[in-house]
Amino acid sequence: MKITVPSAAAFSFTAKSLTATQSLAQELSALADKGDVIALRGDLGMGKSAFARAFIQARAGVPIEVPSPTFTLVQTYELPSGLISHFDLYRLNDASDAYELGLDDAFGGITLIEWPERLGDGLPRDPLIIDFAPADAPDARKISLQGGTSWAGRLDFLRLKF
């Protein structure tokens, strides 16, 4: 299922390496606020988990272990700056299963969601949607960001950097 959200701001760029993808995650982590939902879309191996890991580590400000939630489905991080919940919904059979994992509670902090299309229409209003797609080189990715009104200024700021 394709997720559509009203877009107030959007931009795309090519991250030429994993390091460039991680740099975007680090910059975005400094701009994220409590209540933000960041939906990470793309095929397997496109860099969604690497992005989430770099985002969480940057937000923590110190080196921490950030395992993939592929098997646990959710990892939470109580950081001095607030709660971050990282969901990987790839293995979900039904959108209601995500709410049994505490998705509603997670929306009070910063929420990163891999495979958000598994939620159907269950994303809250005004998420940031980030699409990861292959680009010309093996480690390069075309990254597209789309957000509603609460993201407009932040995406304008990021566009200047990327």
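Per-residue ellipticity at 222 nm, computed for the chain from helices alone with -39500 (n - 2.57) per DSSP H run of at least four residues, works out to -8000 deg cm²/dmol. For a paramagnetic label modelled on ASP94 (point 7 Å from Cα along Cα→Cβ), amide N atoms under 17 Å away belong, within the range 111-150, to 118-122. Look at the dipole of the chain built from charges on Cβ: of THR21, GLY61, VAL37, the Cα furthest out on the positive end belongs to THR21. In a DSSP loop and with at most 12 other Cβ atoms within 10 Å, the GluC sites (Glu not before Pro) in the range 58-116 are GLU65. Each Cα pair of the range 1-93 feeds into the Kirkwood radius, which the Stokes-Einstein equation turns, at 10 °C and 1.306 mPa s, into a diffusion coefficient of 110 µm²/s. Of the residues LEU101, PHE157, PRO80, the one whose Cα sits farthest toward the positive end of the charge dipole of the chain, with +1 on the Cβ of Lys and Arg and -1 on the Cβ of Asp and Glu, is PHE157. With 0.36 nm allotted per residue and the present C-alpha distance subtracted, the ASP121-ALA133 stretch has 2.1 nm of extension available.
Just to confirm the filter: which trypsin sites (Lys or Arg not before Pro) across the range 20-114 are DSSP coil and have at most 16 other Cβ within 10 angstrom of their Cβ?
On the way: sites: LYS34, ARG41, LYS48, ARG53, ARG59, ARG91; in loops: LYS34, ARG91.
Sparse-neighbourhood loop trypsin sites (Lys or Arg not before Pro): LYS34, ARG91.
A cut-off of 5 Å between modelled amide H atoms, ignoring neighbours fewer than 5 places along the same chain, links ARG41 with ILE130, ASP131, PHE132. Based on Cα atoms of the range 42-100, Rg over Rh with Rh as the Kirkwood radius reads 0.99.
We did not get these values from a lab; they are worked out from the coordinates using the rules stated. Predicted, not measured: the structure shown is a model, and the values here were computed from it. Cβ atoms come from the backbone with ideal geometry, glycine included; neighbour counts cover every protein chain shown.
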